[in-house]
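What follows is a set of notes on a single structure, which appears directly below.
The values are calculated or read from the model by the stated rules, or taken from the named source; none is laboratory data. Just so it is clear, the structure is predicted and the values come from calculations on it, not from any experiment. Methodologically, a virtual Cβ is constructed for each residue, glycine included, from the backbone with ideal geometry; neighbour enumeration extends over all protein chains shown.
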Amino acid sequence: MQQTFPITDTELEALATHAVGSVYSTMLETDATLVSTMEVGGSDCEEGSALPIDTDQTLIAGTVGFIGRLSGVIYIFMDLPLALKITCRLLDLKTQEIEAEGHETVNDAIGELTNMIVGAFKNDLSNKGYECRMTIPSILRGSSFSIEPAEVGLRRVFKFDCDGSSFVIDILMKEETQF
């Protein structure tokens, strides 16, 4: 018998959309529009499927976990050109200034963006009665990613468009029995 998850897909989509939308409008002064949702491990997607980002560019992935009655991790994947554009907006710098600083500036900006989005998500979870704490952000760079979670009750991938570019929010969650 399949166990039901305490948050519905509709609620999870609303949480993700609100978290991304509020951070993008406040911190980047732009909109991010949800264009698709994918249930990983469900009937419409096999485990190990590629992320719905069409790029031959280096990908930047920010990740922050959360721990509580609902625990999990959220990954934010985007290509390097979008990460650079976001860093410029967030820090109010020119591309040349950021490129002169090296990878660390982009990594720090995307780590902070991820932290803000997961923070907004966590606050909305708390408002629904699911108090949790966050982990520190981490950044990954590469050309191909595969997420293989050990034990997940729910995994959803949300694709957003922003200023003609796409990025993905990958949410993995499970319900903890000891909280």
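Couple of notes before you dig in:
Residues checked against (1) free of Cβ contacts under 8 Å to residues at least 24 places away in the same chain; (2) surrounded by fewer than 16 Cβ atoms within 10 Å (Cβ to Cβ); (3) aliphatic (A, V, I, L, M):
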residue	(1), (2), (3)
78	no, no, yes
83	no, no, yes
94	yes, yes, no
101	yes, yes, no
117	no, no, yes
138	no, yes, no
143	no, yes, no
154	no, no, yes
161	no, yes, no
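- Inside the stretch 5-24, residues that are among the polar types (S, T, N, Q) and at pLDDT 95 or above make up a count of 2.
- Considering the stretch 19-41, the residues that are among the small types (Gly, Ala, Ser) and in a loop (DSSP other than H, G, I, E, B) include one that is surrounded by the most Cβ atoms within 10 Å (Cβ to Cβ), namely 32.
- Test: residue in the stretch 44-61 that is of a type outside the set (S, T, N, Q) and at pLDDT 95 or above: no
- Hey, residue 76 assigned to a strand (DSSP E or B), touching a Gly at 6+ places or on another chain (Cβ under 8 Å) and either of a type in the set (A, V, I, L, M, F, W, C) or at negative phi (or both) or not: yes
- Among (1) free of Cβ contacts under 8 Å to residues at least 60 places away in the same chain; (2) touching a strand residue (DSSP E or B) at 6+ places or on another chain (Cβ under 7 Å) - the single one residue 59 does not satisfy: (1)
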